[in-house]
Amino acid sequence: MVINPKIRGFICTTAHPLGCAQYIQEQIDYVRQKGAIKNGPKRVLVIGASTGYGLSSRVVSAFGCGSATMGVFFEREAENGRTATAGWYNSVAFEQKAKEANLYAKSFNGDAFSDEMKQRVVEAVKRDWRTVDCVIYSVASPRRQHPKTGMLAKSVLKPIGRSYSNKSIDLNTSQLEMVSLPPATDEEIAQTISVMGGEDWEFWVHCLRENNLLSKGFQTVAYSYMGPELTRPIYRQGTIGRAKDHLEATAKKLDEQLKALGGHAFISVNKALVTQSSSAIPFIPLYFVLLKKIMKEKGVEESCIEQIYRLFAARLYNGSSVPLDKNGFIRMDDWEMLPDVQLEVGKSWETLNESNLPERANLPGFREDFLKLFGFGFKDVDYNSDVAVDLKLPSSL
């Protein structure tokens, strides 16, 4: 089957297995070039492990720390002439590379929010590991069925208290547009917190702890985002911000509970990156294309794998205490939030129009990064060749 990218809205509905394999290989190559992380964990569970920060966390754990890894995700296999999702092909490629390196890797495809999935992972840990050293929580989902009540919650991106309008970009046409969003209802706020807050993270840690599966010195990290003043009305002061507030409060609660094990729960505030989920957020892609160009010019731009390697090597497992800000957060967005970077982004945003958009925004770079998420645009891949699309996870064979 010859596979071409098919873009619909903010997603690509096809994925290329060889391109996804190349995407994984490039991340592995970067980690190996940077070198081993001496104090890293040996058994790592990544919840939300198939794309973005979760995927890079699994790569750094395995190929930077030599960790055995388990990954949980919800992806679609190939069927009826359709390709699998990029996350599926990423996970297949990761497992293949881990196997070649004699590293333990097992994946679980299904609903991470469910009690059934948690029990499947618990049984595998009991059988294969006995304890877990680190849990990375990186779930990005638009909906969640609560495992206790059965209620279905859906997240929304809306401001709170009043409507909000600002510049955005239509990714299909590369044209600027004004987008207006109405204020969220109390029910929409509550549902967004249910989906994107910290309750499920807490359920995972409690489930492992109740089964005596947490090692001494256990650490768990959930990923969050702050963003600049520019996006604050729609992000941190909106429904997603309320969910992030809940996630961050959960970290403090878990950190207190883990003290008896000498363990910790952290929030890592990461920088803005092109991901499948961030591309769906109005205003954020436009902010990102301005940001990336400026950060690249200043020599402080980081890809997903570069940032996560720095998180593990310089923050979590640096051989000393984990550096935190005044709120107790790990700040991996430190380079994004440099005053000179944000000053230039703000100036570009205020004066941006159709005529100067190509000059100020790195739109070709954004498209390139976006398509690579789905396995397209790699120089070493022949996209005119037939490829097999029905790939299986080695751990399930």
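What follows is calculated from the coordinates using simple rules that are stated; it is not laboratory data. These numbers come from a predicted model, not from an experiment. Note that each Cβ is placed from the backbone with ideal geometry, even for glycine, and that neighbours are counted across all protein chains shown.
Some observations on this one:
- Taking the fewest neighbouring Cβ atoms within 10 Å as the starting point, the ordered list for THR51, THR351, THR185 is THR351, THR185, THR51.
- Computed packing ranks the peptides 369-380, 129-140, 338-349 as 129-140, 369-380, 338-349, most packed first, by mean other Cβ atoms within 10 Å.
- Over 29 Å between alpha carbons, listed pairs LYS42/LYS154; LYS118/LYS392; LYS148/LYS372; LYS167/LYS271; LYS167/LYS296: LYS42/LYS154; LYS148/LYS372
- For LYS97, the aspartates and glutamates whose Cα falls under 14 Å of its own Cα, not counting residues fewer than eight places away in the same chain, are GLU26, ASP29.
- Tensor-based shape of segment 48-140 (alpha-carbon gyration tensor, a/c under 1.5 rounded, otherwise prolate or oblate): oblate
- Spin-label model distance (nm) - GLU359 vs MET337, 7 Å beyond Cα toward Cβ: 3.2 nm
- Gained length - GLN25 relative to ASP115, 0.36 nm times residue gap less alpha-carbon distance: 29.1 nm
- Rg over Rh for the chain works out to 0.94, using Cα positions for both radii and the Kirkwood form for Rh.
- Choice from MET151, MET337, MET70 with maximal GNM fluctuation in the chain (Cα, 10 Å cutoff): MET151
- Think of it as helices only: each DSSP H run of n ≥ 4 in the chain is worth -39500 (n - 2.57), and spread over all residues that comes to -12000 deg cm²/dmol at 222 nm.
- Gyration tensor verdict on segment 313-397 (Cα atoms; rounded if a/c is under 1.5, prolate if a/b is larger than b/c, oblate otherwise): oblate
- In loop segments of segment 277-327 as defined by DSSP, the trypsin sites (Lys or Arg not before Pro) with at most 11 further C-beta atoms inside 10 Å of their C-beta are LYS326.
- Proximal aspartates and glutamates relative to LYS216, as straight alpha-carbon distance under 13 Å, when same-chain residues fewer than 8 apart are discounted: ASP133
- Euclidean distance of C-alpha centroids, segment 204-242 and segment 58-101, integer Å: 23 Å
- Based on C-alpha pairs under 8 angstrom that are at least 6 apart in sequence, segment 7-396 has a relative contact order of 22 percent.
- Note on TYR104 and LYS34: with the Förster distance fixed at 25 Å, the Cβ-Cβ geometry gives a FRET efficiency of about 0.70.
- Candidates ALA251, ALA124, ALA93: whichever shows maximal mean-square fluctuation once the chain is modelled as a Gaussian network with Cα springs under 10 Å: ALA124
- Mean-square fluctuations from a GNM of the chain, with a 10 angstrom spring cutoff on Cα atoms, peak among GLY365, GLY263, GLY54 at GLY365.
- Euclidean distance between Cα centres, segment 110-159 to segment 349-367, Å: 39 Å
- If you plug the beta carbon distance of LYS253 and THR185 into 1/(1 + (r/R0)^6) with R0 = 25 Å, you get a FRET efficiency near 0.40.
- DSSP beta bridges confined to segment 7-396 are antiparallel in about 35 percent of cases.
- Arranged from fewest to most other beta-carbon atoms within 10 Å of their beta carbon, ILE281, ILE308 become ILE281, ILE308.
- Packing rank of 233-240, 204-211, where each peptide gets the mean count of other beta carbons within 10 Å, highest leading: 233-240, 204-211
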